[in-house]
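Here is the structure we will look at.
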Amino acid sequence: MSYYDPVESPDETTVFPYHKLTPPTIADVFRARNRISQHLPKTPLIKSEALSAEFDADVYLKREDTLPTGAFKVRGGVNLLSTLDPDFHDPGVIAASTGNHGQSIAYAGRQFDVPVTIVVPEDANQAKVAAMERLGATVLFSGTDFDDSRVHAEELASEDGYRYVHSANEPALVAGVGTAGLEVAEELPDIDYLFCPVGGGSSASGYCLTVGALTDATVIGAQSEAAPAMYRAWANDHLEPHDRMETFAEGIATRVPFALTTRLLRDRLDDFRLVSEDAIRKGVGDLYRVERIPMEGACAASLAAMRQRADELSGSTVVFPISGRNIELEKLEALVAETV
Ligand SMILES: *Cc1c(COP(=O)(O)O)cnc(C)c1O
């Protein structure tokens, strides 16, 4: 057996000997910050007057959409590739993605001169595919959803020896995205609530490790009820795939829960909410109307969860990360028109 052969996995995904399933610590997040601060700016934390009025609270937007690639994930990609084992520089890395994870790895690959291959679903967001190609990645189309693409990427990794960058079973990704939470905890130590969307769970894990540990804040995850795999895993303590995966929000569209992030979220996440697709759609339209920010559907799951818990938020300090801005223009226009 070689280094490139899969090993026994606790979840339904394929993992390789180089995948450590031990959750990172806050020390890993501080180390990640030292590495990525040379490559990425801090992001602004800006009070939203409109949402503050809606919730009778101080609501701050953590503008992760202002990072290069337009989504938080690039923090993780840069951290992982900055410490990549040189043995993998040829043939490089491979990942499956609906778009933002792929853009993150493509960006970091260009930065560190590592070849990048990304497998995307056949109907992937066009703008995200174009962005990955612009960053120099090879984009392969395979399957009808993320999990089909993932299986193909896993096969190519074992056949061709690429370093497979898993979307969640990667302590370096979780520590990297956790740097956003360090920025929040330092700038706003009096935070009471942080609402975070959950797809594979890396982002929520990062906020739990930082904001959850360094402040008294309640950290709440949100997922679409049309794609509740991680919610089920968290609530019922298992790692079984879920058959339903129908969300329009590709950033949180997965059928399979991941071992590392499920464990971390079970230990540390304070609450996890399922929200409706209608509430997600409405959130995208509303935020565009009041703030002129084009947020992705994935991100709007958090706003929908805030609205579920609106009664408790009055008088408190709330952070709502704008996790990404790579929504297709036609989709945004349709949502703004449909939800007036
Ligand atoms: C990936 C993504 C999410 C979900 O993050 P996970 O770390 O996979 O849970 C939310 N919003 C956007 C914009 C994303 O790209």
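The values are calculated or read from the model by the stated rules, or taken from the named source; none is laboratory data. As the structure is a computational prediction, the values presented were derived from the model and not from experiment. Here Cβ is always computed from backbone atoms with ideal geometry, including for glycine, and neighbour counts include all displayed protein chains.
Quick check: is even one residue across region 282-293 touching a residue at least 24 places away in the same chain (Cβ under 8 Å) and in contact with a Phe, Trp or Tyr (Cβ under 8 Å, 6 or more places away or on another chain)? No - not one qualifying residue is present in region 282-293. What number of residues in region 124-142 are modelled with pLDDT of 95 or more, out of contact with any Asp or Glu (no Cβ under 7 Å at 6 or more places or on another chain) and of a type outside the set (Asp, Glu)? So the answer is 10.
Per-residue answers, yes or no, for (1) within 16 Å of the ligand (Cβ to nearest atom); (2) not charged (D, E, K, R):
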| position | (1), (2) |
| --- | --- |
| 48 | no, yes |
| 80 | yes, yes |
| 102 | yes, yes |
| 116 | no, yes |
| 128 | yes, no |
| 134 | no, no |
| 144 | no, yes |
| 151 | no, yes |
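Sub-6 Å Cβ pairs linking a first residue in region 127-145 that is touching a residue at least 24 places away in the same chain (Cβ under 8 Å) to a second residue that is surrounded by 15 or more Cβ atoms within 10 Å (Cβ to Cβ) and among the acidic types (Asp, Glu), at least 6 apart or interchain, are 127/328, ordered by first then second residue. Against the list (1) acidic (Asp, Glu); (2) more than 16 Å from the ligand (Cβ to nearest atom); (3) farther than 24 Å from residue 325 by Cα, the condition residue 246 fails is (3).
The requirement of being closer than 20 Å to residue 71 by Cβ, modelled with pLDDT under 95, within 14 Å of the ligand (Cβ to nearest atom) and assigned to a helix (DSSP H, G or I) is not satisfied by residue 181.
Just one of (1) within 13 Å of the ligand (Cβ to nearest atom); (2) surrounded by 24 or more Cβ atoms within 10 Å (Cβ to Cβ) fails for residue 231. It is (2). Here residue 106 meets the list (1) of a type outside the set (D, E, K, R); (2) modelled with pLDDT of 95 or more; (3) away from the ligand (no atom under 16 Å from the Cβ) almost entirely, failing just condition (3).
For region 323-340, a tally of residues being outside any helix (DSSP H, G or I) and either aliphatic (A, V, I, L, M) or crowded, with 18+ Cβ neighbours inside 10 Å (or both) returns 6.
Within this structure, residue 61 fails the test of being among the aliphatic types (A, V, I, L, M) and within 23 Å of residue 157 (Cα to Cα). Against the numbered list (1) within 12 Å of the ligand (Cβ to nearest atom); (2) of a type outside the set (Gly, Ala, Ser); (3) in the same structural domain as residue 314 (by TED's automatic domain parsing), residue 193 comes up short only at (1).
Evaluate the following for residue 202: is it buried (at least 24 other Cβ atoms within 10 Å of the Cβ), within 13 Å of residue 323 (Cβ to Cβ) and within 10 Å of the ligand (Cβ to nearest atom)? So residue 202 passes the test. Residue count for region 199-226, restricted to those that are over 16 Å from the mean Cα position of the chain (by Cα) and part of a strand (DSSP E or B): 1. Where strands (runs of 3 or more DSSP E) fall entirely within region 89-156, those with at least 3 residues that are surrounded by fewer than 24 Cβ atoms within 10 Å (Cβ to Cβ) and on the phi < 0 side of the Ramachandran plot are at 138-141.
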